[in-house]
1. Considering only residues that are among the hydrophobic types (A, V, I, L, M, F, W, C), assigned to a loop (DSSP other than H, G, I, E, B) and in contact with a helix residue (DSSP H, G or I) (Cβ under 9 Å, 6 or more places away or on another chain), which ones fall in region 199-222?
2. Only one of 176, 210, 171 is at positive phi and either surrounded by 14 or more Cβ atoms within 10 Å (Cβ to Cβ) or more than 16 Å from the ligand (Cβ to nearest atom) (or both). Can you tell me which?
3. Assuming residue 178 fulfils every condition listed in (1) closer than 21 Å to residue 21 by Cα; (2) in a helix (DSSP H, G or I) apart from one, which condition is it?
4. Could you look through region 116-149, keep only residues that are under 17 Å from residue 37 (Cα atoms) and of a type in the set (A, V, I, L, M, F, W, C), and pick out the one that is nearest to the ligand (Cβ to nearest atom)?
5. Just checking, does region 124-137 include any residue being free of Cβ contacts under 8 Å to residues at least 12 places away in the same chain and closer than 27 Å to residue 225 by Cβ?
6. If residue 215 satisfies all but one of (1) over 24 Å from residue 80 (Cβ atoms); (2) crowded, with 18+ Cβ neighbours inside 10 Å; (3) not polar (S, T, N, Q), what's the number of the condition it fails?
7. Considering every residue within region 150-159, establish whether at least one is in a helix (DSSP H, G or I), within 13 Å of the ligand (Cβ to nearest atom), charged (D, E, K, R) and closer than 25 Å to residue 113 by Cα.
Amino acid sequence: MSRFAGKGVVVTGAAQGLGLGMVEAFLAEGAGVVAFDKQERVAELASERCAAFVGDQSRRDDCRRAVELCVERFGHVDVMCAHAGIAEPLPLLEMTEEHWRRHMAVNVDGIMFLTVEAARAMVAAGRPGAIVCTSSINAWFVEETHAVYNVTKAAVWTFVRSAAMDLARHGIRVNGIAPGVADTPIAELVVHNPELAPQYLKTIPLGRFGQPRDIANAVLFLASEDASYITGQTLVLDGGQTLGIPGDLEAAAEATGWEGS
Ligand SMILES: NC(=O)c1ccc[n+]([C@@H]2O[C@H](COP(=O)([O-])OP(=O)(O)OC[C@H]3O[C@@H](n4cnc5c(N)ncnc54)[C@H](O)[C@@H]3O)[C@@H](O)[C@H]2O)c1
């Protein structure tokens, strides 16, 4: 498939993990991609159809420059994946202003800057496109010691609905993704922990952690014409983790000889 041939795409958090998976998937489907990350090693991705941009999405100028770079290199910006985020654990009793504000700046301010800068470029060019923002199941399925992260991801959820409402008149669609636990450096503590990983897997009905390709597949769908009538939605990508409590009660009853009440 080449749903994105001739399209200009910006992906933030592109140097590793889920963002890198998105860059690879968009390139495989013909797009020109601006790979935006704060890590200099994002430069290794540069190629004929991939422009690397080192910047910080909590800085509005950097967000604007990344969009301008997309227009310079590929003629226009058609898709914005406002994706990068940080998640450093800290018990609430130890919360500092610096920790709180830093997470808000990257995870909320940055998503807003990227959305607004991309939307302005789309409106100026008369070329409505699609924006996909990264939230998380942490928006409501909260994790201990992650108060500010949980709050930022809930903010992204409502921002997606708000931006979709404001930008619909320009033909711009805005959607979100809410991954569960995916196998990337941000989730290494869980996914590659020999004690925690098996416990966690019991809570995921599909029995595995998400892979970057699982997440990229959903992002490309939302960014494509296949999703032309979808806006303001956040798609949960968690292998069923937030559906409820999995467990084979029939087998448990048999094993214990329980016959019902
Ligand atoms: N992996 C998961 O289990 C999971 C689950 C739910 C949501 N998410 C979300 O997915 C996004 C990224 O997750 P990941 O798993 O790929 O994480 P990751 O930590 O592996 O990668 C994040 C990337 O973002 C970059 N980055 C961080 N701050 C930045 C900034 N200010 N400006 C530009 N780049 C910046 C980092 O350098 C890194 O390359 C985050 O928004 C995260 O909240 C991840």
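1. Result: 209, single match.
2. Numbers: 176 fails: at positive phi; 210 fails: at positive phi.
From the options 176, 210, 171, the qualifying one is 171.
3. With (1) closer than 21 Å to residue 21 by Cα; (2) in a helix (DSSP H, G or I) applied to residue 178, the lone miss is (2).
4. Looking at residues that are under 17 Å from residue 37 (Cα atoms) and of a type in the set (A, V, I, L, M, F, W, C), I get 133.
5. Yes, region 124-137 has at least one match.
6. (1)
7. Checked region 150-159: at least one residue is in a helix (DSSP H, G or I), within 13 Å of the ligand (Cβ to nearest atom), charged (D, E, K, R) and closer than 25 Å to residue 113 by Cα.
To keep it simple, each residue is scored yes or no on (1) assigned to a loop (DSSP other than H, G, I, E, B); (2) buried (at least 24 other Cβ atoms within 10 Å of the Cβ); (3) among the polar types (S, T, N, Q); (4) out of contact with any Asp or Glu (no Cβ under 9 Å at 6 or more places or on another chain).
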site	(1), (2), (3), (4)
18	no, yes, no, yes
30	yes, no, no, yes
51	no, no, no, no
89	yes, no, no, no
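The values are calculated or read from the model by the stated rules, or taken from the named source; none is laboratory data. As the structure is a computational prediction, the values presented were derived from the model and not from experiment. Note: ideal-geometry Cβ built from the backbone for every residue, glycine included; neighbour counts use all protein chains shown.
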